[in-house]
Structure formats: C-alpha cells, structure tokens
Amino acid sequence: MVPISTPHNDQNTRLRSALSAPNSSIRLRAALAAGTTPDPSFVQVLVERCAIEPDFFVRDMLTWALTRHSVELTVPTLLTELHSNTPQARSQSLHTLSKIADKNLWRSIPKSLLHDADDEVARAAWRTAVVLVPHDEENDLAGELITELGRGDRDMKRSLSRALIALSDAISPLLNTATTSNEPAIRAHARATERLLADPESEFTITADDAKRIVNAGNAMQDE
C-alpha cells in the first residue's frame, strides 16, 4: 500500500530538501522560513542539519528557527545531541540551549563538555555554562573552568577568559592562585584574565614577557 501523504510530511520533505541545497542562500532562506512559520515536524530536521551545516550564518539561523519552536519539543532533542559522536552536533546544541537560556537545564548539561577534547565544543560549553549556571553553583563552575587555563590558541584563551570574568565574584581568588602556577602558559593566561576582569572593555593580551616564558618553556620540553 502506498503511504498517504500528509501536509506535515510534505512540509518536512521540502524543508529537508531545501536545507540540503548546495547554495547556502537557499539553505539560509529555508531556515528562516522554518522559524517564521514553526511546525512541530521541523524540529528533528533542523537539529539534524545543525550537526552538518558548514556555513556559520546558516547554523545561526537554524538555532534561531529552533528557538521559535516549543521548548517541550526542542529541548529533549537538543539534550540528546549533547551525547553525539559528532562534535558539531554537540557544540551547536549547546549554542542553541544557551539561546533558550532556561536555567532549569543546568543539571542536564554534562560537565564533561566543559573539558571536551574538541575546542569548539568546549568553547560552546563555557559560554552556555555561564548563561545557565544558578548563582549558588557559580563557585563549582569556576573551579571547573579554571582548570582549562592555558588551553589552546589566543582565541580559545580569550573565550575562556570571557567566560571566567562572567563569574567575577567566584573567580578572583582562583585566578590569584593560578598566577603562581608552575606552568608559564597558565600563569600568563591567569594574568591576562585578571587584566580583563579589571577592565572588561580592554583587549585580551598576553604580555611579551609572558609570551617569551611560554616559548622558552616549550623549547626546554623539546630539549629533554
């Protein structure tokens, strides 16, 4: 027996096809349309596309479209994606959850994502965590984030510093301790974060002296 087509199935098929188009402008318009006229059948299609969409602007529109749908439908699917083997699925779901910004979701976010091996996932987790964390758990979050000091390139370090200064009351004593670390990269990152904490409008900078110490430490490790 041939299945009877329904309006929902037709819309779902058209959306999936449009989101698979080679032209990013077509995909962008499809995501915009899905958010402008939400439909429950769109949620799974949008979430699946988030995991593989290569264009930043389309991904952002997919997130916007998901926020236009009922949280009863979107949140369970997004939480499932946090356990995906695909890094982009994890990072984009975190990003969307941060836009939903429901603090009741805090305990549903695996803390392991704060230390994810994929840099983009970890960055998304840091940003999401400072949005969702309840005030009485900020100290615990600060303790998790401080262990990531020294990680990654300049952009990665700046992302962590921005997350840390959002927890200003909880982070100051931990930063002070980190400035005495045996690791030059951690000391430098902690000092740069302290400067950013003192002046959030300033640029994130690693001083020339700190940069030289990091390079010298790396050279010493190579010589061992």
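Nothing in this text is a laboratory measurement; each read-out follows from the coordinates by a stated rule. As the structure is a prediction and not an experimental result, all values here were calculated from the model. With ideal geometry, Cβ positions are generated from the backbone for all residues, glycine too; neighbour counts draw on all protein chains shown.
In debye to the nearest 20, how big a dipole does the chain give about its Cα centre with +1 on each Lys and Arg Cβ and -1 on each Asp and Glu Cβ?
It works out to roughly 620 debye.
Secondary-structure-derived ellipticity at 222 nm for the chain, considering helices only, amounts to -21000 deg cm²/dmol, per-run term -39500 (n - 2.57) for DSSP H runs with n ≥ 4. When the label point is put 7 Å from the Cα of Asn23 along its Cα-to-beta-carbon vector, which residues of the stretch 46-87 have a backbone N closer than 20 Å? Output list for this probe position: 53-62.
Selection among Ala18, Thr74, Ala117 by position relative to the dipole of the chain gives Ala18 as farthest towards the positive end (Cβ unit charges, Cα centre). Among Ala188, Ala51, Ala198, which one shows the biggest mean-square fluctuation in a GNM of the chain, springs joining Cα atoms closer than 10 Å? Sorting by GNM fluctuation, first place goes to Ala198. For the stretch 114-208, the spherically averaged projection of the C-alpha convex hull amounts to 5.7 nm². If you build a Gaussian network model of the chain, linking Cα atoms that sit under 10 Å apart, which residue out of Arg151, Arg187, Arg123 swings the most? Greatest mean-square fluctuation among the candidates belongs to Arg151. Taking the number of Cβ atoms within 10 Å of each Cβ as an exposure proxy, the fewest-first ranking of Lys157, Lys103 is Lys103, Lys157. Of the residues His189, His69, His95, the one that moves most in a GNM of the chain with alpha-carbon contacts below 10 Å is His69. Kirkwood radius for the chain, taken over all pairs of different Cα atoms as the inverse mean of 1/r, rounds to 19.4 Å.
Length, then width, then depth: along the principal axes, the Cα atoms of the stretch 62-112 run 27, 22, 15 Å.
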